[in-house]
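Reviewing the structure listed below.
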There are 2 protein chains.
Amino acid sequence: MPTPPPSMAPRMTALILRVLTFAFLVASLAILTTDTTTLEIRDEVFKIRFKDVYSYRYMLAAIVFGIAYTVLQVAFTLNHIVKRNAETSGDGNLVFDFYGDKVISYMLATGAAAAIGATKDMKPLLTALGVSNSFLNKGYASASLLLLGFVCTAMLSVLSSYALPKKV
Amino acid sequence: MPTPPPSMAPRMTALILRVLTFAFLVASLAILTTDTTTLEIRDEVFKIRFKDVYSYRYMLAAIVFGIAYTVLQVAFTLNHIVKRNAETSGDGNLVFDFYGDKVISYMLATGAAAAIGATKDMKPLLTALGVSNSFLNKGYASASLLLLGFVCTAMLSVLSSYALPKKV
């Protein structure tokens, strides 16, 4: 098998980072959406779902946008690789990558931050109410995976900033 | 007074954005550090400070780093303007601007997100305990100003990405 030309190297790095992002986000989504518990107060049983925590809802939105964007970018990259026209990439695409990576990385960062902040500060209050630790720990686990997805996207954002065509 | 040469325009835009960031962050800091309340439980009075909320502590760290970085950058820019050597700016400076703006904008975004997420989700729990709404509302106010500071820094990050010298 021949080695790919040098111009493909940054594209392959980006592809690997996008696949990693995708894996982290899907794992984060799976943990988040199965995060439920029950709370018993005076013989009444309440079901608590992740949707009852506002920060987790925002985290869900961030993950879903992140997955949609990442799938789109992987499709673009594969299309490019299959057609072997690495050199014909237009400036419009690079500008889209730049703003897309930037906006999505801010979304993932704020989603993880909101969930971690809310979980940390709610923990003593909810534990006193009798909410199981596993509910909050799954929230942490989901947010941590989202944070790893953010780290990959932040690296992609650095790559796409360097690839940006000069304005002048 | 002569109009500045064209090469000064992006520098002036950046300076205005940095001064705005500084103003938002100082206002956010002032509101956050004066955010205290008292809570009475069974004749015992507890003092609640912003430091008792973990997310607010992280927000404080983000604001302080943001202010320090912004002051440094304003000092660099003024030094540059006074010396009128806009053209001699080295690549090292541009790379520092790029990574600095990027890291600080992520810090400000996550600081605001953690504080807003925690405040929103703690509100029903703390209100039930008898914590005054003004404590949480001041938290929101501080986080909102921080969010405005983030928006300015995100714009600076776009500018510094475009100014980045090409790797190749």
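The values are calculated or read from the model by the stated rules, or taken from the named source; none is laboratory data. Computed from a predicted structure; not experimentally measured. Glycine also receives a Cβ, built like all others from the backbone with ideal geometry; neighbour counts cover every protein chain displayed.
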Selection status of B:Val45, outside any helix (DSSP H, G or I) and surrounded by fewer than 22 Cβ atoms within 10 Å (Cβ to Cβ): yes
Among (1) at pLDDT 90 or above; (2) under 27 Å from B:Thr119 (Cα atoms) - the single one A:Val74 does not satisfy: (2)
Test: residue in the range A:128-141 that is touching a strand residue (DSSP E or B) at 6+ places or on another chain (Cβ under 6 Å), within 12 Å of chain B (Cβ to nearest Cβ) and not in a helix (DSSP H, G or I): yes
Of residues in the range A:110-127 being within 7 Å of chain B (Cβ to nearest Cβ) and without any contact (Cβ under 8 Å) to a residue 24 or more places away in the chain, the one surrounded by the fewest Cβ atoms within 10 Å (Cβ to Cβ): A:Leu125
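Return yes or no: is A:Tyr140 aromatic (Phe, Trp, Tyr) and closer than 17 Å to A:Ser55 by Cα?
Spelling it out, A:Tyr140 is indeed aromatic (Phe, Trp, Tyr) and closer than 17 Å to A:Ser55 by Cα.
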Where B:Leu159 falls short, out of the listed (1) out of contact with any Ser or Thr (no Cβ under 9 Å at 6 or more places or on another chain); (2) assigned to a helix (DSSP H, G or I): (1)
Only listed residue being among the acidic types (Asp, Glu), surrounded by 14 or more Cβ atoms within 10 Å (Cβ to Cβ) and modelled with pLDDT under 95, chosen from B:Asp101, B:Asp97, B:Asp91: B:Asp97
Residue check for B:Ala23: within 12 Å of chain A (Cβ to nearest Cβ) and either assigned to a helix (DSSP H, G or I) or out of contact with any Ser or Thr (no Cβ under 9 Å at 6 or more places or on another chain) (or both): no
Any hit, the range A:96-116, residues being in a helix (DSSP H, G or I), out of contact with any Ser or Thr (no Cβ under 6 Å at 6 or more places or on another chain) and among the charged types (D, E, K, R): no
Positions within the range A:48-75 being buried (at least 16 other Cβ atoms within 10 Å of the Cβ) and hydrophobic (A, V, I, L, M, F, W, C), in sequence order: A:Ile48, A:Phe50, A:Val53, A:Met59, A:Leu60, A:Ala62, A:Ile63, A:Phe65, A:Ile67, A:Val74
